[in-house]
Amino acid sequence: MTNTVFYSHQDPDNPESANNFEFTMLIHQRWAMLLVNRDSQDADSLIVELKRITGQSPHSIRQAVTAMEAMDNLPRLRLVQENHYFLSIAFLARIMEAVAQADPAHWEILDARLVDRLTPRSRGELLPEAGVIARLITMWIKELEPGTVTRRTRGSGTEEFLSFRHEDGFTEIRGLLSGVEGRRFHSALEKISKGKKSLVEALREFLDTRAPIRVVQYVYTPLTGGVSWMPQVGYLSRQDSQRLGGMVERTVPLDEVATRIESGYTPSPVLRAYVIARDATCRHPGCTVSADLCDIDHVIPFQQGGPTVAWNLQALCRHHHNMKSDGRFRATMDCLGDVRWIGPCNVEMSSRAQGPLAQEMPTGRWGQTMRARMDRRFAVIRAGAI
């Protein structure tokens, strides 16, 4: 058995890994060949021809084009990909969509950080979700370009709005708020509902009350620079960080609880806050439930002598907490916060923490060529980030 590190789908002792490699390589190389001369070709004609040849939808074709743009613009990532073929076309496209928010002068830095983050550090580590990597890229951009307000990399529309449609005795409310304002509004309604009322009932009470609603919202800010982070919202812009900094009533340093052992079963609020900031999400492989909505689980059960200390605590959503409690999955944790899971197939896989404490943060189309179209698309993405 080899001692090298690898992602779980690259396990050299699992014959299925060879299939993963071959399958991803063939799809990748096929698109690389089909799109090799794309820059000078008419964009619409090329998409139609590729649809005829491959049977793929225009969306899949555009996704492949974006993935090949990642290979052209991120040479370090391309080298790793062409050695291991561990990232799908959709994953590469998501990376490029996120990188395109940045000034191209910073793409080289982002490329280096991507390769570092996409290098596994333990055997059987689970490949992070593409959305997790996209959010990490967004954080890096906010560090490199303090004046940037990055846009969403999925979905359309970036401007905040609220609309009301009144008809037949009911009102339909639609809107888009910044993550910070949306989270504050949601927290206020949850504070009123106390888990006993629906959010609709809480909103009705919110409208009827004249008393101010006070909610507790944690915002995590590094001591040595960088950008702030809020559970369920993600990494904040400098402007939001500064604005929320002016609303802070109490500052609690988290470093002091990193190794503190507490005597009781229930972790103190500050230790819970530390675990949330380290994990960001439920630590069961592939689960993305926000850590602040999770239970705090003792990896080694408290009843079996497991201490209440950060290196023995993890965020688990109720569903996966129950799966661990009933023995379907077993877990161990190391000092870095990496959790190794063993499930029904008796094969280990590793889950790396994704929160800010786990990061090593450095302090018209007519007649349009595909190159012009991609340049235009990245310019639009970039413009939405300024």
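The values are calculated or read from the model by the stated rules, or taken from the named source; none is laboratory data. Quick caveat: nothing in here was measured; it's all calculated off a predicted structure. Note that we place each Cβ from the backbone using ideal geometry, even for glycine, and neighbour counts take in every protein chain shown. Accessible surface areas use protein heavy atoms only, side chains included; no ligands, DNA or RNA. Shrake-Rupley method; radii C 1.70, N 1.55, O 1.52, S 1.80 Å.
Using θ = phi - 60° in the Karplus curve 6.51 cos²θ - 1.76 cosθ + 1.60, the 3J(HN,Hα) couplings for segment 86-102 round to 10, 10, 6, 4, 4, 5, 4, 5, 4, 4, 5, 4, 6, 4, 5, 6, 8 Hz; x is entered for Gly and Pro.
Tally up the carbon and sulfur contribution to the accessible surface of the chain as a whole percent, 1.4 Å probe, everything protein left in place. Don't jump to the answer; show the numbers that get you there.
Numbers: 11500 of 21170 Å².
That fraction is 54 percent.
Scanning residues 5 or more positions from Tyr218 or on other chains, none has an amide H under 5 Å from its amide H, with H placed 1.01 Å from N in the peptide plane. Charges on Cβ only, +1 for Lys and Arg, -1 for Asp and Glu, centred on the Cα centroid of the chain; of Asn83, Val233, Gln63, which one is farthest towards the dipole's positive end? About the Cα centre, the residue reaching furthest to the positive side is Val233.
What you get for the chain, charging only the Cβ of Lys and Arg (+1) and of Asp and Glu (-1), is a dipole of about 620 debye around the Cα centre. Annotation: amide H of Leu313 within the under-5 Å range of Val299, sequence separation 5 or more or interchain, hydrogens built in the peptide plane.
Annotation: Glu97 carries an accessible surface of approximately 30 Å², with a 1.4 Å probe and no ligand, DNA or RNA atoms counted. For Glu181, the solvent-accessible surface computed with a 1.4 Å probe is close to 60 Å², ligands and nucleic acids excluded. Put simply, the amide H of Thr308, placed in the peptide plane, has neighbours under 5 Å in Glu262, leaving out anything fewer than 5 places away on its chain.
Taking +1 at the Cβ of each Lys and Arg and -1 at the Cβ of each Asp and Glu, which of Phe302, Asn20, Pro146 sits farthest along the dipole of the chain towards its positive end, judged by Cα position relative to the Cα centre? Working it through, the farthest residue towards the positive pole turns out to be Pro146. For segment 40-51, putting each phi into the Karplus relation 6.51 cos²θ - 1.76 cosθ + 1.60 with θ = phi - 60° gives couplings of 9, 8, 4, 4, 5, 5, 5, 5, 5, 5, 5, 5 Hz, in residue order, rounded to whole numbers and with x for Gly and Pro. The loop-placed trypsin sites (Lys or Arg not before Pro) in segment 171-272, going by DSSP, that have at most 16 neighbouring Cβ atoms within 10 Å of their Cβ come out as Lys194, Lys196, Lys197, Arg210, Arg214, Arg250, Arg260. Of all DSSP-defined beta bridges confined to the chain, some 90% are antiparallel rather than parallel.
What number comes out for the charge environment of Pro58, summing +1 per Lys or Arg and -1 per Asp or Glu over other residues with Cβ under 11 Å away? Mind dumping the intermediate values first?
Values: positive: Lys51, Arg62; negative: Asp44.
Computed value for this residue: +1.
Shape summary: the chain maps onto an equivalent ellipsoid whose semi-axes, from the alpha-carbon gyration tensor, are 37, 31, 20 Å in decreasing order. Across segment 182-188, computed HN-Hα scalar couplings (Karplus, 6.51 cos²θ - 1.76 cosθ + 1.60, θ = phi - 60°) run x, 5, 4, 5, 4, 4, 4 Hz from first to last residue, x flagging Gly and Pro. For segment 70-142, trypsin sites (Lys or Arg not before Pro) are listed when DSSP marks them as loop and at most 14 other Cβ atoms sit within 10 Å of their Cβ; the list is Arg121.
Across Ser241, Ser350, Ser40, the residue with the most accessible area heads the list, and the full order at a 1.4 Å probe is Ser40, Ser241, Ser350.
Protein chains only, probe 1.4 Å: how do Asp279, Asp44 rank by accessible area, largest first?
Working: Asp279 0, Asp44 70 Å².
The most accessible residue leads, giving Asp44, Asp279.
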